[in-house]
Amino acid sequence: MKFILGTKGKMLTVFTEDGRAYAATIINAAPATVTQLKTVEKDGYAAVQIGAIEKKESRVRKPQVGHVKMIGKGTALSKFKELRGAQENVEVGQTIDVSAFAQGDKVEVSAISKSKGFAGVVKRHGFHGGPRSHGQKHSERAPGSIGGGGGRAGGRVAKGMRMAGRMGGDRVTVKNLSVLQVSPETNEIVISGAIPGRRGTLVEIKAVSAANK
């Protein structure tokens, strides 16, 4: 099973043997443990749950501590994620590390993007703003008309209208990335391209089979 959790590290440039340069991201992915196998009969869906990121037991919620102790693992794990779908040759307590991946594998990476706070329409949606002439003083970056009156949507603001608001902090999945390097000794995996989030963000890495490309 090629599914693991890690934390985002720094970016770097990786040069291949044929001289091509790739922008890449290092992900620190310590070995994860299969903590539960969910079935359609018992849970209503099939999935494999894995736990990762070891912490002191006093810093982990008690239900999570108990959940890990049920499988006979002494250390406390703080992060849990599920991979939907039944998986073959997977057992509870099994360890998964970066050696499950190989150079050239296609993966998709999911993480929470950086939070940017409250942002206006120019920054959030790319609006160009109003003209800098004709006496405008304080409305250059204003959104303009949002509807209302007796016309569009019957006098109310239409659902989905692009307006100012909270920006970032969303779950983002980047697909069709490539594994450039795998280092089991340091538990690091180097993936092409940029990955959502800041350094230290929890990252999910899932291999994409040829049938799903």
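Some observations on this one:
- Top-ranked residue of the stretch 52-97 - restricted to ones that are within 24 Å of the chain's Cα centre (by Cα) and in a loop (DSSP other than H, G, I, E, B), ranked as modelled with the lowest pLDDT: 86
- Among the residues listed as 160, 154, the single one being at pLDDT below 95, in a loop (DSSP other than H, G, I, E, B) and over 15 Å from residue 5 (Cα atoms): 160
- Assessment of the stretch 59-75 against the conditions (closer than 28 Å to residue 178 by Cα and small (Gly, Ala, Ser)) yields no matching residue.
- In the stretch 15-36, the residue that is farthest from residue 90 (Cα to Cα) out of those that are of a type in the set (A, V, I, L, M) and surrounded by fewer than 17 Cβ atoms within 10 Å (Cβ to Cβ) is 21.
- Candidates in the stretch 163-213 are the residues that are among the basic types (Lys, Arg) and assigned to a strand (DSSP E or B); of these, the one that is surrounded by the fewest Cβ atoms within 10 Å (Cβ to Cβ) is 171.
- When the residues of the stretch 113-135 are filtered to those that are surrounded by 14 or more Cβ atoms within 10 Å (Cβ to Cβ) and farther than 30 Å from residue 26 by Cα, the one that is farthest from the chain's Cα centre (by Cα) is 130.
- Any hit, the stretch 123-140, residues being aromatic (Phe, Trp, Tyr), part of a loop (DSSP other than H, G, I, E, B) and out of contact with any Pro (no Cβ under 6 Å at 6 or more places or on another chain): yes
- Criterion violated by residue 157 - all others in (1) within 18 Å of residue 25 (Cβ to Cβ); (2) surrounded by 12 or more Cβ atoms within 10 Å (Cβ to Cβ); (3) β-branched (Val, Ile, Thr) satisfied: (1)
- Subset of the stretch 1-57 [of a type in the set (D, E, K, R), under 30 Å from residue 68 (Cα atoms) and touching a residue at least 40 places away in the same chain (Cβ under 8 Å)]: 2, 8, 38
- Selection within the stretch 93-112 - surrounded by 15 or more Cβ atoms within 10 Å (Cβ to Cβ) and either within 24 Å of residue 46 (Cβ to Cβ) or not aliphatic (A, V, I, L, M) (or both): 94, 96, 97, 100, 101, 105, 106, 107, 108, 109, 110
- All of (1) at pLDDT 90 or above; (2) closer than 24 Å to residue 108 by Cα hold for residue 16 with one exception: (1).
- The residues of the stretch 61-82 that are surrounded by 13 or more Cβ atoms within 10 Å (Cβ to Cβ) and charged (D, E, K, R), listed by number, are 69, 73, 79, 81, 82.
The values are calculated or read from the model by the stated rules, or taken from the named source; none is laboratory data. For clarity, every value in this text was computed on a predicted model and none was experimentally measured. Neighbour counts are summed over all protein chains in view; Cβ atoms, including those assigned to glycine, are modelled from backbone coordinates with ideal geometry.
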